[in-house]
Amino acid sequence: MNENWQEIIKTALDRGLASTKGAVPGAKLRQIIAHIAPSFNEQYPPPGHEDEKFRDFLSHFSSQLTVLPRDGQDILVAPSDRPELLGASETGQAQLREDIFEAFTRIPRESPPMEPWYERNADKIKWQTANEATDASNFARISPATLTQELDDRRAFALSSEIDSQIKDSLRRFLIQKQTKG
């Protein structure tokens, strides 16, 4: 890889580390790389690497970073001179990307409403109105959240057997207030 890519990887890893505790999850690093590559007159994935897995792409930069593969989870990435960060990130819990969480939980309020679409090739969420044209082979529509569905989800949580009865009553009262204010 050329010097541009060396700098892109370094910059992306620095940005990722600034916003995480420990190593950077692979999906987050991939988004950062795709976001900053154009400022270096590059694109991710670079020509000739379109079919390459992200982990394999990172192997071109093994002198700069260390990759920790995890069964059933996203990879973790740390600078090669800071491998201790890989251990600091092990929480034992899966984490949901913020953009994915927002896509499934944000209730559109714009007029016309902006709806979430998953862009397969870029592995990111794109917000657009329903009448904007999309390439069906590259985009998957995510049904936008509704207030009714969000309240129903929270009501089901509040009624679950794992919740203490006092907390359950408090949650139910809050949900009733929210529903009546609509």
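The values are calculated or read from the model by the stated rules, or taken from the named source; none is laboratory data. These figures come from a predicted structure and were not determined experimentally. Glycine gets a Cβ as well: all are built from the backbone with ideal geometry, and neighbour counts include every protein chain shown.
Evaluate the following for LYS21: is it modelled with pLDDT under 95, over 16 Å from SER80 (Cα atoms) and loosely packed, with under 11 Cβ neighbours inside 10 Å?
Criteria met by LYS21.
Among the residues making up segment 135-166, those that are exposed (fewer than 11 other Cβ atoms within 10 Å of the Cβ) and either small (Gly, Ala, Ser) or over 30 Å from SER111 (Cβ atoms) (or both) are ALA136, SER137, SER143, ALA156, SER160, SER161, GLU162, ASP164, SER165, GLN166.
Candidates PRO108, PRO113, PRO83, PRO69: the one that is modelled with pLDDT under 90, in contact with a strand residue (DSSP E or B) (Cβ under 6 Å, 6 or more places away or on another chain) and under 30 Å from LEU151 (Cα atoms) is PRO108.
Among the residues making up segment 120-140, a single one is at pLDDT 90 or above and charged (D, E, K, R): LYS126. Hey, does segment 56-66 have a residue that's among the charged types (D, E, K, R), under 28 Å from ILE8 (Cβ atoms), at pLDDT 90 or above and in a helix (DSSP H, G or I)? Yes, segment 56-66 has at least one match.
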